[in-house]
Each structure stands twice: as C-alpha cells, then as structure tokens.
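Derivation of every value follows stated rules applied to the coordinates shown; laboratory data play no part. This is a predicted model, so every value here is computed, not measured. Glycine also receives a Cβ, built like all others from the backbone with ideal geometry; neighbour counts cover every protein chain displayed.
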Amino acid sequence: GNRWIPAKVHLGELTPPYNLKIIGVLGRDNQYSYVSVDDFLFYEKPCDNITLPGDSIKQCDLEDNNKCGWKDVGPDMEFIYKDGNSGALDHDHTYSTDVGHYFQLSSNQPEAGNGKKGALQLPVFKNMDEGDYCFQLYYARWGGTKIIIQVDVDGEVEELIQVAGGRVNDWEILQVTHSNFVPGQNFTYFIEGVMAIKNDTTSIIAIDDFSLGNGACPEDGSCEFEDSHLCTWQTDPTSEVQWRLTDGRLSEGHGPERDHTSNKTTGGYIVIEDYDLHTGAISRLLSEMIDNDVEGFCFSFFFSMKGDQQAKLKISVQEDLNTTSLLWKLIGAHGPNWSYGQVAIPGSTEGQFSIVIEAIIGDGANGWLALDDLHLDSSGAADCGLKPSVATPSPLPETTTPMALPTTTEHTHANTVKCDFNWDMCGWKMIAGDNDDNFLWSIGGPTGSDTGPNKDHTSGD
C-alpha cells in the first residue's frame, strides 16, 4: 500500500570492501506504481537487537530474521523455521512463493512422538486497553495433529480455541476473539501444536502470518478494512493488479475521499486504480472457505466505480476448482460516492464455498474501483434481493421482434423498455455502421462543460 513499512535485513559476516545492491522490480502497471526506500541505517550488531520506528508486535509475517521476537518454548518438540523449498508446503502464505518462511512441526523430526507438543510464545503485549482483540493466523495441518491457542494474562493461562480433526492441505485462517476486561493488563499468546504419529503419512503443523486487531473478529465473509487489515479475505496472488488497502488521505485522489464505515478520511477501504496500462487487467479478492447452510446467505457491500465506462465488478461463488457461479455483475462508471450492493447466495446442505470478488478494468479512464463494508448475513437468502437490480449476471434476452410501444400516458413506461440510464443502457444498443451516424451515444452526467444537460430528468441531479 501507499505507506512506509519498516524493514530489516541481516547481512551476516561481510569482508570489506563490499557493495550493497537494492533492486526494485515493477510489474505490468509500472507507469503508475512505485517502489520507494528511505532512511538507510547500518548497525554493526544483529537485527534481533534493533527496533525500528513503525515496528509492531501486532503483526508478523515471519520474514524478519528476528522472527518477530517469537520464542520456541517446547516442551517436547521444536518448531522449525522453514521455507517453500525445505518445508512440507511448497509456498508460504505471505508471498505464496517458495522463498517465503513459516514455522513447522513434523512427525519426521527425531524428537517427534504421538502426543508430543511444541509451542511458540509471542512477545508480551503490555498495558493493553480494555476491550476485544482479534487474534488471527494462517495454518495448515494434517495427519491427526492439533493446534491450541492459549492466552496468558498476568500469569493466568486460558485456552482460547482448539483446532483438530480433518485435513487442511493449504493455508487457512484461524481466528478467535480475546476479551480483555481489565485496562492496563499485560498478556501474551501461546501457539501449541500436538503431534500425532501415523504409519501411512507424515503429520504436519505449519504456522504463518499472525495479526492482532482491535475489536472482535469479523464474521465469516465480512470486513470493514479498518486497522490496515483484510480480515479473513485474501488477494489472489496471480491477479494482474492487486486490491490495495488505503484511506481518503493515502489515496491521494485515486479513491473515495472518505470510507463508508466511519465517513472519515482516516477510515479504511480497498481500491484498484484505473489507468491506461491496466486496461483489461483482472484482480480477484477471495473470502475464506465458508460452510454451506441450507437457508443460504445474503452478501452485502458498498462499492465506488468512477471514471471507466467499461469497468466491470463481479461477485461469484466458488465451491471447488471447477465450479464457479456468477451471481452479480455491474458495468460502467457510477460516480465517486459509495453505492450499496447486495446478492443472495443459494443454500446447500453440504460442502463449503468461497466468495470471489472480481474487478476488470476497462478503458483505463483515470478512475477507480473501491470496496468497503463487506458483510455476509447467515440469516438466509429468501429476503435478499439483487441490488442494484441492474446487476443481473445475465444480459437481457436478445430478440429480433420489434418491441410494442407503451399505450399508456407519456410518463408511464412498459417494463420492457423502461430505462433511466442511472446504471447502464438497460439492454439498449447502438447500431454500428449506419452511414448517417455522426456521433455515438454515451452515458453521461454533469461535467461543467457544454456536452449535455447540467441535470438528469430522473432525479434532478
């Protein structure tokens, strides 16, 4: 995102003279993106002993040589620091590459045994405010292993959550709300892994990407994007451009001036900037896997789509690698303000699904696509109508039969031809190739120039 992030690199033993080389690599959208560095500091001591401004123990991706100050505290097994080349998973969660790091327990370790335990202790969070905190990390596990999260509050240890049974082959979110009832308390967390030994398989526990957020954990599929956090959502690393966490100050005119949650310039949301070099680029945002329910769900959100008449925003449900159902689709520029979207997710008696939000950039009109306040309501899909109603995923049926003109008064229109042009062309089409055409129709709005009326007729705005 558009913010400074502290970084440390342990250089190891160096024999002078030597040069330090920093290489920045830009992707497809390189004309309007950047890599910046500032404030180089060189210390003749290990990085473990250095604290930089902006360092936070509330987030950890395990890419620091200090491993965020986490301690291995046994009692029986040691969590081993791995990467995608040496660990059981060929990629970490942070980078989704083989060079990223994570912690691992394996039944192949010499000290392993059935029921043997390994544990990681996080740094102490001191003088914490009263209220709820959301503990989150990503994990994978199989072979009958178990993960237990405990909190130690001034010496009193309490179990928060336990994960056992089944098999998690790839990174999955684990989250739990911890309520601190007394202001000024100190507490720390323990991540405990319990090993299982099976003759036919290697048992594994892998841990990556911890965060501690202010407030209770969001419901599945929901996020307000506050506290510089995507909640349980993930960006698709294969996307050509990426959704970016920002706010009204950091967006620098390339996103809404305020978020929807708090209506403040400091409130968070996510955005994709719309530039010429992004034309046709696709970016996906994925929810965690969510258990199906026979009553279904209602998924709601706020969106802002500015400047690009060909931009597309889609909502789909993915049940497996081969089954994706498109539920909601909107095309065009709809102004810089926040608009409400809603779509029903049909119920099912089995399995899981992931919500996929896909943004497709059109003609690169120096605008944006932004999202805020995603909410998945588990009360059912029955009363969850499509909003806006024009966001139907299927085009209107094409027909060669001439439409009948309305026979009522001039201010009343038949549903088949009614269109207020607030969202799109409602199925109306321009006829290309007519020799008499001197211009093309387009959806417009007040621009301050002599290119059309200053107000529309529908709303007077």
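Remarks
- The string of couplings for segment 86-96 from the Karplus curve (6.51, -1.76, 1.60, θ = phi - 60°) is 10, x, 6, 9, 7, 7, 8, 8, 4, 9, 6 Hz, one whole number per residue in order, with x for Gly and Pro.
- Normalised by residue number, the volume inside the convex hull of the Cα atoms of segment 130-218 is 89 Å³ per residue.
- Under 5 Å, built H, 5+ apart or other chain: amide partners of D377: C298, F299, S300
- Karplus-derived 3J(HN,Hα), 6.51/-1.76/1.60, for each residue of segment 123-130, Hz, glycine and proline x: x, 6, 8, 9, 6, 7, 5, 5
- Only one residue of A216, T235, T202 has its Cα farthest out toward the positive end of the dipole of segment 194-260, where Lys and Arg carry +1 and Asp and Glu -1 on Cβ, and that residue is T202.
- Segment 194-262-segment 298-330 distance, computed between alpha-carbon centres (Å): 19 Å
- Over 24 Å (Cα to Cα) - which of K71/K126; K8/K82; K21/K82; K306/K329; K306/K387 fall in this group: K21/K82
- Loop-resident GluC sites (Glu not before Pro) (DSSP state other than H, G, I, E or B) in segment 125-177 with no more than 11 further Cβ atoms inside 10 Å of their Cβ: E130.
- Around D209: net Lys/Arg minus Asp/Glu count, Cβ-Cβ under 9 Å: -3
- Sequence-ordered 3J(HN,Hα) estimates for segment 178-184 from the Karplus curve with 6.51, -1.76 and 1.60 and θ = phi - 60° stand at 10, 9, 9, 8, 10, x, x Hz, glycine and proline given as x.
- Cα shape, segment 238-310, gyration tensor, a/c 1.5 rule: oblate
- Charged-residue dipole, Cβ positions (Lys, Arg, Asp, Glu), segment 155-249 about Cα centre, Debye nearest 20: 140 debye
- Rounded to whole Å, the principal axis extents of the Cα atoms in segment 54-181 read 41, 35, 24, largest first.
- Difference of contour (0.36 nm per residue) and Cα-Cα distance, D200 to E257: 14.8 nm
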